[in-house]
1. Does at least one position in the range 248-271 carry a residue that is polar (S, T, N, Q), within 34 Å of the chain's Cα centre (by Cα) and modelled with pLDDT under 90?
2. Just to be sure I understand, how many residues within the range 72-84 are surrounded by 12 or more Cβ atoms within 10 Å (Cβ to Cβ) and assigned to a helix (DSSP H, G or I)?
3. With the structure loaded, tell me whether A232 is among the aliphatic types (A, V, I, L, M) and in a helix (DSSP H, G or I) or whether it fails that test.
4. With respect to E275, determine if the residue is outside any helix (DSSP H, G or I) and modelled with pLDDT under 85.
5. Could you please give the count of residues in the range 34-50 that are out of contact with any strand residue (DSSP E or B) (no Cβ under 7 Å at 6 or more places or on another chain) and assigned to a helix (DSSP H, G or I)?
6. If you take the residues of the range 211-222 that are surrounded by fewer than 17 Cβ atoms within 10 Å (Cβ to Cβ) and farther than 12 Å from A262 by Cβ, which of them is modelled with the highest pLDDT?
7. Could you list, in sequence order, all residues of the range 42-62 that are within 15 Å of W101 (Cα to Cα) and surrounded by fewer than 19 Cβ atoms within 10 Å (Cβ to Cβ)?
8. Within the range 254-273, how many residues are charged (D, E, K, R) and either touching a residue at least 40 places away in the same chain (Cβ under 8 Å) or not assigned by TED's automatic domain parsing to the domain that holds L203 (or both)?
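The values are calculated or read from the model by the stated rules, or taken from the named source; none is laboratory data. Model, not experiment: these values are computed from the prediction. Here the Cβ is made from the backbone with ideal geometry for all residues, glycine too, and neighbour counts use every protein chain on show.
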Amino acid sequence: MSDILPFEEHSSEHLRLAVTAGLIGIWELDLGTGQAARSSQHDQIFGYETPVENWSYADFLNHVVDADRTRVDETQQRAVELRQDWVFECRIVRSDGKERWISAAGRPILGSQGTVERLIGHVVDITDSKRDEERLSLITQELNHRVRNMLAMIRSMIRLSASNANDLKAFARGLEGRVDALARTQDLLVSEPSLVLTPGEILRRELAAFEGLEERVTMTGADAAEIDASLAQGLALVFHELITNAQKYGALSNKDGTVTFAVTPDSDLTLVWKEHGGPAPREDVPSGFGAKLIRGAIGARARVEPSITPEGYECRIVLEPKP
């Protein structure tokens with residue numbers, strides 16, 4: 001005959017194992033006296049390293065944060081009145097002053113007179129899960145914000161590209177390049193979340209998409225200031241436009257021209273793109289499509305100052321701090 005006992009004979013051991021492994025606190029509340037019996041894990045959840053000698057419903061409520069206390073008490077009274085389970089989540093302040101989240105559930109136990117005499121239940125610390133939920137909510141909000149910004153940029157690009165294209169092929173090429181610029185920055189934001197985004201890093205990513213241009217652009221102070229995600233997307237589009245315009249009309253359209261890019265991290269961040277050694281600048285470029293797109297990409301947080309100098313095209317962009 002097997003020495004293994006039936007499952008029922010081990011059920012209490014299984015229950016103790018589940019409670020201990022799950023860090024679950026067990027409690028039983030006497031509604032007549034307001035006193036509660038608890039497991040040691042219960043008291044640890046509330047910040048007590050050793051079991052508390054006496055614990056009452058009032059003691060529990062004193063640990064609940066002010067903003068949640070009335071709600072929790074009302075749900076308990078309603079559960080007793082309706083003879084239904086008492087299930088809730090709330091924030092508590094532990095004995096060591098730390099704020100935590102708990103999830104608890106209690107079940108009414110009827111006495112001989114048919115009235116609710118006791119509540120038995122459990123409590124679990126769910127702080128980590130709550131923080132994960134909050135992080136996920138923030139990430140979702142940020143994602144929605146980025147998507148809205150990107151769609152607004154794409155709408156603007158389509159409108160401006162269409163109005164300045166001579167034919168369908170030119171429209172498609174221009175629009176494809178600008179969408180690629182947004183995609184490169186999005187890859188940067190998603191694939192390397194620990195990377196500090198700076199104007200220099202964004203410009204280097206854009207230059208890498210054009211063969212042989214990186215060594216012709218000299219940067220000064222380009223990594224001295226951080227850029228937030230929404231601004232990074234706009235700057236990627238700006239840099240793409242500056243590069244393509246320089247290739248078509250400016251310093252990067254010949255073999256000898258160069259570009260300097262300087263960033264001054266004052267109260268307002270100043271970015272200066274300056275071309276040298278190119279052909280005589282076209283007067284219509286700074287005030288035309290490129291400047292419109294630059295203003296549209298960065299929005300109200302920037303002041304764009306294009307100009308023609310004896311050396312070539314110059315674009316000064318002054319970025320206001322994030323509100």
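1. Yes.
2. Summing the residues that are surrounded by 12 or more Cβ atoms within 10 Å (Cβ to Cβ) and assigned to a helix (DSSP H, G or I) in the range 72-84 gives 6.
3. Details: among the aliphatic types (A, V, I, L, M): yes; in a helix (DSSP H, G or I): yes.
So A232 passes the test.
4. no
5. First pass over the range 34-50, keeping only residues out of contact with any strand residue (DSSP E or B) (no Cβ under 7 Å at 6 or more places or on another chain): 40, 43-44, 47-50.
Keeping just the survivors that are assigned to a helix (DSSP H, G or I) gives 40, 43-44.
So the count comes out to 3.
6. Taking the candidates together, the pick is E215.
7. First pass over the range 42-62, keeping only residues within 15 Å of W101 (Cα to Cα): 42-47, 60-62.
The answer is D43, Q44, G47, L61, N62.
8. First pass over the range 254-273, keeping only residues charged (D, E, K, R): 255-256, 266, 268.
Checking the rest, the ones that are also either touching a residue at least 40 places away in the same chain (Cβ under 8 Å) or not assigned by TED's automatic domain parsing to the domain that holds L203 (or both) come to 268.
Going through the range 254-273 one residue at a time, the tally reaches 1.
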